[in-house]
Amino acid sequence: MTLATFDPLDPAFHAGRLGDPHECYARLRAESPVEWNEAASMWTVAKHEDVMAISRDPATFCSGRGVLPTDRARSVAGTDSILFLDPPEHQRHRRLVTPAFTPKRVAGTEPVIRRLTRQLLDALPACEPVEFVDAVAAPLPLLVIAEMLGIPGDDRDRFRIWSDSLIAAATDPDDGDALVAAAELWEYFQAVIEDRRAKPGDDLVSVLVTAEVANEDGGEPLSAAELLGFCMSLLVAGNETTRNLFSGGMLALAEHPDQCALLVADPSLVPTAVEEMLRWVTPVLAFARTATRAVELRGQHIAEGDYVLMLYASANRDKEVFGATGGAFDVTRDPNPHVAFGFGEHFCLGASLARLEARVFFEELLARFASVRLAGDPQRLDSVLMHGLVELPLVLAPE
Ligand code: HEM
């Protein structure tokens, strides 16, 4: 495809049906790194340096007028979210929810993550085709979040349906079924929050409720709506992203058997491999900002109110940062300053949890299976927000 026909809001482009998106990104970086995209009515920003500059300047590039590629609203499925806040409210909100993600709390979840991972992997047959998304990639992040939120086992199937619907609502705000599911989830979380207020435990909702109380002296507690919105945001932000890191990472291993062999021979490489999978897959393709004033970027005049889309997937292949090998999948790459978790003000709050989940998952998987092969064609998710797979048929073998 030519640059003239590039449309970041066309799912066919991201699914690779119009050619390799990375060829288009490379041309954008070289020829038109900051470009007004007529089809989508927004600026696209393709270079790593510019994505970082925008992300670290919320006064000029705000989140309050939308962050999703398709939707310039302030909410996901009718729910306020931390994603759409700007300073100073954003800092206040973030301070109150950060206790739920301290390094100590996240590290403390490793035994639970390992147990859940082992349960799923123990059920996988060796040497015969498995549909990896359904069997492992989708359930694992959901089980981890449900466990962290203290959601009882019986409710977890409903939880998965709700979570999928929220993502559907994020990409298609007119999806009526998804909005009904969001309302059901809202009610469910309301009951959970009431329950933890009455009987605080050790789960994440209890920590958030306690943070709310602990901050009452300071006069700015999390409101009940903020607390609910945050719980909903966790499902939207944490599930599908991590799922697509697992499935995309497995596809990368299947397509690069030499890299898989390196990892099997030296499992201490798993942490750098996880960073490379984050860069290679870039589960969140792009997020947006709105210019709060007229501003110039690489000689282009961005007007106040213009929507600006940061192409993370392009930034993560920028040769100025990743060198001539930026187009290669290399599990030993270090340093690896990818922007898969964003950067600056809204840097992913769940990054250390996602990294831990991925490390544990790949450690456990490669200890069981040294060979990862494709057993059919992977099916891409139709989305302009998420880089995902809906089906990944694999054959896993001990050697
Ligand atoms: C591979 C997995 C993940 C990826 C690729 C990812 C990606 C991102 C990105 C790109 C942002 C920045 C948004 C922006 O700048 O507007 C973000 C923010 C966020 N992420 Fe993640 N995420 C992942 C996993 C998780 C998990 C597991 C959780 C929690 C359970 C989580 C919770 C959040 C939250 C709450 C924010 C908003 C932070 C803020 O607005 O201050 N994420 N994530």
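Each reported figure results from applying straightforward, stated rules to the coordinates on display, with no laboratory input. None of the values given here were measured: they were computed from a predicted structure. Cβ coordinates were reconstructed from backbone atoms using ideal geometry, including for glycine residues, and neighbour counts include every protein chain displayed.
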VAL390 paired with ARG368, simple spin-label distance in nm, labels 7 Å along Cα-to-beta-carbon
2.6
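In nm, what is the difference between 0.36 nm times the number of residues separating ASP134 and HIS22 and their Cα-Cα distance? Intermediate results must be reported in sequence, preceding the final value.
On the way: separation 112, 0.36 × 112 = 40.32 nm, distance 2.75 nm.
The span from ASP134 to HIS22 would gain 37.6 nm if fully extended.
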Using a Gaussian network model of the chain whose springs link C-alpha atoms within less than 10 Å, name the residue from SER233, SER268, SER352 with the highest mean-square fluctuation.
SER268
Dipole axis of the stretch 3-397 (+1 Lys, Arg; -1 Asp, Glu on Cβ), positive-most option in TYR307, VAL274, TRP186:
VAL274
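How high is the relative contact order of the stretch 3-397, given as a whole-number percent (alpha carbon pairs under 8 Å, six or more residues apart)? Provide the component values of the computation, followed by the final result.
Numbers: 637 pairs, mean separation 107.3, N = 395.
Value for the stretch 3-397: 27 percent.
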Two pseudo-spin positions, 7 Å from Cα along C-beta at GLU184 and at ASP377, lie apart in nanometres by 3.3
Fluctuation leader among ASP154, ASP377, ASP122 - the chain, Gaussian network, Cα springs under 10 angstrom
ASP154
Give the cross-link partners of LYS104 among the aspartates and glutamates, using a straight C-alpha distance below 14 Å as the criterion and excluding same-chain residues fewer than 8 apart.
ASP202, ASP203
What spacing in nm lies between the two simple spin-label points modelled at ALA303 and GLU89, each 7 Å away from Cα in the Cβ direction?
2.6
Once the Cβ-Cβ distance between ASP334 and ALA261 is put in as r, and R0 is 22 Å, what FRET efficiency do you end up with, to the nearest 0.05?
0.75
Run lengths n ≥ 4 of DSSP H only: what is the helix-derived mean residue ellipticity at 222 nm for the chain, with -39500 (n - 2.57) per run over all residues, to the nearest 500?
-15000 deg cm²/dmol
Which residues' amide hydrogens lie under 5 Å from the amide hydrogen of MET42, considering only partners 5 or more residues apart or on another chain, with H built in the peptide plane?
ASN37
With a 10 Å cut-off between alpha carbons and a GNM built on the chain, which of SER63, SER247, SER223 moves the most?
SER223
Mind checking the dipole of the chain: about its Cα centre, +1 per Lys or Arg Cβ, -1 per Asp or Glu Cβ, Debye to the nearest 20?
800
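Gain in length, GLU320 to GLU194, computed as 0.36 nm per residue apart minus the alpha-carbon separation, to one decimal in nm?
On the way: separation 126, 0.36 × 126 = 45.36 nm, distance 5.10 nm.
Between GLU320 and GLU194, full extension yields 40.3 nm more.
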Whole-Å semi-axes of the stretch 3-397's equivalent ellipsoid (Cα gyration tensor)
30, 30, 19
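For the chain, what are the DSSP H helices with axial Cα length of 27 Å or more and mean Kyte-Doolittle hydropathy of at least 0.5?
Numbers: long enough: 176-198 (34 Å, 0.07); 224-255 (47 Å, 0.78).
Qualifying helices, which must be both long enough and hydrophobic enough, are 224-255.
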Between ARG380 and residues 5 or more places away or on another chain, the pairs with built amide H atoms under 5 Å apart involve VAL390
